[in-house]
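Asker: One structure follows; several queries about it will come next.
The values are calculated or read from the model by the stated rules, or taken from the named source; none is laboratory data. As the structure is a prediction and not an experimental result, all values here were calculated from the model. Quick reminder, even Gly has a Cβ in these numbers, built from the backbone with ideal geometry, and neighbours come from all protein chains shown.
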Amino acid sequence: MSPYQRQRLIWLTWVLAGFVLCGILVLRGVALAQTSAQVRHAGPVRSSDDILEAPRQYLHQPVSLEGEIARVLSDRVLALRSRAARKGLLVVLSDEAALRAGPLAEGQTVAILGVVRPLNRQEAINLEAQYRLQVSISSILSGYADHPYILAYEARPSTPSTR
């Protein structure tokens, strides 16, 4: 193989790798956009009490939620204040939501777009593996096991709405 052919083969390999990488990035972006669009059409803004009082109605459904942060457990895990549950409604921020939300503080009002999911041991293990929650699984399960939680795709500080 001549040096010219070797250079051409290397160049073609890099071009092909670039196209594959672009395709992967485009497909990931499309998937995130579809999820985000689905969540944006979640209907009226709910409260944490709505979800905790009738969890089966909301399970695996996208919701738009607004509430006051009762406690911040880590950069990715927080609990919204609720009258229905003493420890509140658990919210886990996805990668995108954690980046966009920035630092959140107790007492702050936030708007959340996400999906309601049931919390059990396997779900907590999967969350830790995927999102590195920086909170022990046992502490999450001791306070929130067998309750719904929100996997948030978007979180942002907001002003309380008047409903």
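Yes or no, residue by residue, for (1) surrounded by fewer than 19 Cβ atoms within 10 Å (Cβ to Cβ); (2) in contact (Cβ under 8 Å) with a residue 24 or more places away in the chain; (3) under 13 Å from the mean Cα position of the chain (by Cα); (4) in the same structural domain as Leu59 (by TED's automatic domain parsing):
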residue: Arg76; (1), (2), (3), (4): no, yes, yes, yes
residue: Leu89; (1), (2), (3), (4): no, yes, no, yes
residue: Ser94; (1), (2), (3), (4): no, yes, yes, yes
residue: Ala97; (1), (2), (3), (4): no, yes, yes, yes
residue: Ala105; (1), (2), (3), (4): yes, yes, no, yes
residue: Thr109; (1), (2), (3), (4): yes, yes, no, yes
residue: Arg132; (1), (2), (3), (4): yes, yes, yes, yes
residue: Gly143; (1), (2), (3), (4): yes, yes, no, yes
residue: Tyr149; (1), (2), (3), (4): no, yes, yes, yes
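Asker: Another one. Taking the stated definitions as given, is Ala85 under 13 Å from the mean Cα position of the chain (by Cα), within 18 Å of Leu151 (Cβ to Cβ) and in contact (Cβ under 8 Å) with a residue 40 or more places away in the chain? Break it down stepwise before answering.
Answerer: Details: under 13 Å from the mean Cα position of the chain (by Cα): no; within 18 Å of Leu151 (Cβ to Cβ): yes; in contact (Cβ under 8 Å) with a residue 40 or more places away in the chain: yes.
Criteria not met by Ala85.
Asker: Shifting gears a bit: What are the residues in segment 73-96 that are modelled with pLDDT under 90 and more than 20 Å from Gly143 (Cβ to Cβ), if any?
Answerer: Asp95, Glu96
To keep it simple, each residue is scored yes or no on (1) among the basic types (Lys, Arg); (2) in contact with a strand residue (DSSP E or B) (Cβ under 8 Å, 6 or more places away or on another chain).
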site: Glu96; (1), (2): no, yes
site: Pro103; (1), (2): no, no
site: Thr109; (1), (2): no, yes
site: Leu113; (1), (2): no, yes
site: Pro118; (1), (2): no, yes
site: Gln122; (1), (2): no, no
site: Asn126; (1), (2): no, no
site: Arg132; (1), (2): yes, no
site: Ile137; (1), (2): no, no
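Asker: What are the pairs, 6+ residues apart or on separate chains, where a residue within segment 49-62 that is closer than 11 Å to His147 by Cβ and in contact (Cβ under 8 Å) with a residue 24 or more places away in the chain has its Cβ under 9 Å from a residue that is of a type in the set (S, T, N, Q) and outside any helix (DSSP H, G or I)?
Answerer: Going by the 9 Å Cβ cut-off, the qualifying pairs are Ile51/Ser82; Leu52/Ser82.
Asker: Taking Ala70, is it more than 15 Å from the chain's Cα centre (by Cα), of a type in the set (Gly, Ala, Ser) and modelled with pLDDT of 90 or more?
Answerer: Judged against the criteria, Ala70 is a match.
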